Amino acid sequence: MPLMTTKPMFDLAYDGGFAIGAFNVNNMEITQGIIEACAAEQSPLILQISKGARKYANMRYLKHIIDAAVEEHPVLPIAIHLDHGDTAQLVETCLNDGFTSVMIDGSHHPYEENVRLTAEVAKIAHQAGVVVEAELGMLGGIEEHVVGLQAEEYEKNIEKFLTDPQQAGDFWKRTGVDSLAIAIGTSHGAYKFKHEAKLAMDRIELIMKNCPGLPLVMHGSSSVPREFIDLINKYGGSMPDAMGVPEEEIHRAVSKYGVCKVNIDTDLRLALTAKIREVFATKPAEFDPRNYLGPGREAIIGLVRRKLHMLKSAGKAEAVVRQWKKLGEPLPIFYMKSSRA
Ligand code: G3H
Ligand code: 13P
Ligand code: ZN
């Protein structure tokens, strides 16, 4: 088993004060690292795939890698999610590919257009039995570039870009989405804060009050671990000002404020890169990819295991499977078998 939607996961996470880690996958080693960690910790998980990942790895390869993971770990609850989908067409392709969850990110559009696009996608996805995440407000890092803002301008006016709690209630009512990504001070990438690393907890609390029962999603939630930045800088890299979201802040949001999904990509990239740099610097004659990708994969396993405890999803696999059976979701067991690609 089981590929499933995020519904059985979020049902338990919302009431239980824990969150599901949503990890971006781009290749075999990253996927294996995540899966091994979740299997060791008996944790439910979300594997998420961006448009860039589809382009880089070729969806056909990713599908087979995911199927292999499902086959290797038949009792682990896994959702396959489209990260930052930008069009209804891309969502439809992912539905055909057997995704169990999709994100439509219309946050860079004017509000009414975001509502229209999200409602359209929610209708299509729900007909296919697939759940939908949308986004309201604007994160930093990547998204401000979409609308042509400079990082400084974004930071200076951050209040303006955070999710409006009133609007969140209206958005949920009019779109029928299953979860909502919110802007509360996080941003994508390795440079999240210039000075103090802090989240707008008061915003999350208000959003939760206006949208009771709606699972909230935190994007841009890598913590940018010092150990990996130090290794990268020691072995020829240059990331002096990197700063992430403190894990205690994430832990607090997850425990108290209805945050059910926490997105992590940058930390996986840092772990892999740090280890590759270390091998290249300390063993300059090394040229076997297994001997540098292997340590990278090990570092990902260690990192993800720690995250699962921080999110308190470790040990929750069995309960999620029970909830999944209770809901009786008619979803395929294997990914490729569901695929028309
Ligand atoms: O939010 C962005 C994710 O980190 C995916 O990044 O578009 O480079 O694959 P990507
Ligand atoms: P990070 O860049 O903080 O890992 O965020 C990833 C993300 O939000 C993917 O959607
Ligand atoms: Zn994101």
Selection count, the stretch 34-53, where residues are under 25 Å from Ala253 (Cβ atoms) and either open to solvent by less than 10 Å² (accessible area, probe 1.4 Å) or under 16 Å from the mean Cα position of the chain (by Cα) (or both): 11
Hits in the stretch 168-178 - residues which are under 22 Å from Phe23 (Cβ atoms) and surrounded by fewer than 23 Cβ atoms within 10 Å (Cβ to Cβ): Asp178
Residues of the stretch 81-127 satisfying the condition of being in a loop (DSSP other than H, G, I, E, B), out of contact with any His (no Cβ under 6 Å at 6 or more places or on another chain), within 16 Å of ligand 2 (Cβ to nearest atom) and within 23 Å of Pro165 (Cβ to Cβ): Gly106, Ser107, His108
The stretch 1-23 - residue that is in a helix (DSSP H, G or I) and either at pLDDT below 95 or among the charged types (D, E, K, R) (or both) and, of those, nearest to Glu249 (Cα to Cα): Asp15
Scan of the stretch 73-93 for residues that are out of contact with any helix residue (DSSP H, G or I) (no Cβ under 7 Å at 6 or more places or on another chain) and either at pLDDT below 95 or more than 22 Å from Ile124 (Cα to Cα) (or both), ordered by number: Pro74
Qualifying residue in the stretch 214-221 (condition: more than 15 Å from ligand 3 (Cβ to nearest atom), free of Cβ contacts under 8 Å to residues at least 12 places away in the same chain and surrounded by fewer than 24 Cβ atoms within 10 Å (Cβ to Cβ)): no
Subset of the stretch 214-272 (residues that are of a type in the set (Val, Ile, Thr) and under 30 Å from Thr6 (Cα atoms)): Val217, Val224, Val245, Ile250, Val254, Val259, Val262, Ile264, Thr266
Selection count where residues are touching a strand residue (DSSP E or B) at 6+ places or on another chain (Cβ under 7 Å), away from ligand 2 (no atom under 12 Å from the Cβ) and of a type in the set (S, T, N, Q), scope the stretch 178-227: 1
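The values are calculated or read from the model by the stated rules, or taken from the named source; none is laboratory data. Remember, it's a predicted structure, so these values are computed and weren't measured experimentally. Heads up, the Cβs are rebuilt from the backbone with ideal geometry, glycines too, and the neighbour counts pull from every protein chain shown. SASA here: full protein model, heavy atoms, side chains in, ligands and nucleic acids out. Shrake-Rupley method; radii C 1.70, N 1.55, O 1.52, S 1.80 Å.
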